[in-house]
1. Where is the GNM fluctuation largest for the chain (alpha-carbon springs, 10 angstrom cutoff): ALA384, ALA228, ALA69?
2. What spacing in nm lies between the two simple spin-label points modelled at ALA308 and GLU196, each 7 Å away from Cα in the Cβ direction?
3. Compute a Gaussian network model of the chain, connecting alpha carbons closer than 10 Å, and tell me which residue from THR409, THR250, THR103 fluctuates the most.
4. What is the packing order of peptides 231-238, 325-332, taking the mean over residues of other C-beta atoms within 10 Å and listing the highest first?
5. Using the beta-carbon distance between ARG163 and ASP387 and R0 = 41 Å, what value does 1/(1 + (r/R0)^6) give for FRET efficiency, to the nearest 0.05?
6. What does the extension gain come out to for ARG12 and ARG413, with contour length at 0.36 nm per residue minus their alpha carbon separation?
7. Does the chain come out rounded, prolate or oblate by the C-alpha gyration tensor, with a ≥ b ≥ c the root eigenvalues, rounded set by a/c under 1.5 and, if not, prolate when a/b is larger than b/c and oblate if not?
8. Would you grab the residues whose amide H sits under 5 Å from the one on TRP236? Only those 5+ places off in sequence or on another chain, please, with H modelled 1.01 Å from N.
Amino acid sequence: MNAAWSSFDRARPRESVLDEDLLGRLAGALPEDGGDPADAIEDAARVLDASISPARPLNLAYVGSTGLATATVGDALAATYDVNLAAHSAAAAILEAQTSRWTAEFIGHPRACGGFTSGGQISNLSAILAARERAMPGSRVSGVSAQAGALYCSGEAHQSIIRAAEVAGLGSESVRRLPIDSERRLVPEALERALEQDLAAGVNPVAVIATAGTTLTGAVDPIADLVAICERRSVWLHVDGAYGLPAAATPSAAPLFAGIDRVDSATLDAHKWLGVPKSCSVLLVQDEEVLQAAFGHREKYLLHREDAPNPVDHTLEYSRPMRSLKLWLVFRVHGAAALRVWIQRGIDNARLFTSLIDADPAFQMLHRPMLSTVCFRHTPPGVADLDAHNLRLARAIQADGRVYLAPATIDDRACLRGCFVNFRTTPEDVRLAVAVARELGELLA
């Protein structure tokens, strides 16, 4: 583990690969008898070293966790004690509540409360189930077959919203995927029109989902404008900030998140931009009673203490590990100020990357980053099919191993996509990423 941590502080010249002996052992049969623990751990370490780790400074392909050592210690401690936060857990519940408060304060939503889940999918689903119960009281019992409900989001909202609609019984056809503007944000006027049309048709608006940092480009929907619409019509407003919401804590990006303190609920994945390993998602709500209405229940094997709800009465999940401990340790050991600096570093790296691409005639930016995601493509003269060229370039960059970027499409144009959320990434790393893309692109042109 010490060797792994030290290796994360610099980019590798290439990715590791597994040797034939280990590949053979990985194809082996179930062991009947135990073996040498040291050998097994050594093989496990070699497998992980040859895997794609987002902790490395030039793994830019996705919105990955960066794995502070402090948080990993928290993970190990939590696993050692194996506290179950579904039921009464004594001091662990107090620490989890404090971590929720700290997270809410960090992003500028001081009145919010909530809990921890396995990821943005469960956090978003939990919020939508709470919104469904408020918009359609009793639907958790009787179902929604007799009621038509709808969700509203931008055309670039995360797929987890579609899945949540399906699981909640609303159906994917209930999701109104609305137009975006030139900055790829949901258009408020389009939301107004959609709400008016559905209300006139007898459709019940369940929730509006604003995205605070879309996965594709990092766009932040105009939260304040959406708050005004939702408050006027008494519609639940949920913010999917799984990726981008931590940026609300930085002075440079905070204006993008104006109105966050007035939303009904919000999702934030600490395992994306707050330095903790997976999984650690936070669901924040204005009113904890809405969670009780959506998930509260009584069971003969899980009695209530003096009629007080159990933690599981506020969550979708039952057996729930102490995911909050690693984030609590990060706040305690590093402090909010250090986190703000690291988040701002990601934003600054994206701006530096953009300036380098703008200065190079062989490249084209496809979207100006609002946060820390860059979408660009290589456009050398004489290449007839730029889409095919950039898809080949993405594969070549991944095979090369010095940088890890992902292919994507924007408005049906193939491009390369990178996201800067790793506090280890330096300006020198950013320059190397551009240089590698240029070098390999020229070889393919």
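1. ALA384
2. So the two model labels end up 5.0 nm from each other.
3. Looking only at THR409, THR250, THR103, the biggest GNM fluctuation is shown by THR409.
4. Numbers: 231-238: 18.2, 325-332: 22.5.
Result, highest mean Cβ count within 10 Å first: 325-332, 231-238.
5. Numbers: r = 28 Å, r/R0 = 0.69.
According to the calculation, E is roughly 0.90.
6. Working: separation 401, 0.36 × 401 = 144.36 nm, distance 3.02 nm.
Extending this stretch completely gives an extra 141.3 nm.
7. Numbers: a/c = 1.80, a/b = 1.19, b/c = 1.51.
The shape class here is oblate.
8. When sequence neighbours closer than 5 places are left aside, the close amide H contacts are VAL208.
Bear in mind that the values in this text are calculations on the coordinates, not laboratory data. Just so you know, these numbers come straight off a predicted model, no measurement behind them. Glycine gets a Cβ as well: all are built from the backbone with ideal geometry, and neighbour counts include every protein chain shown.
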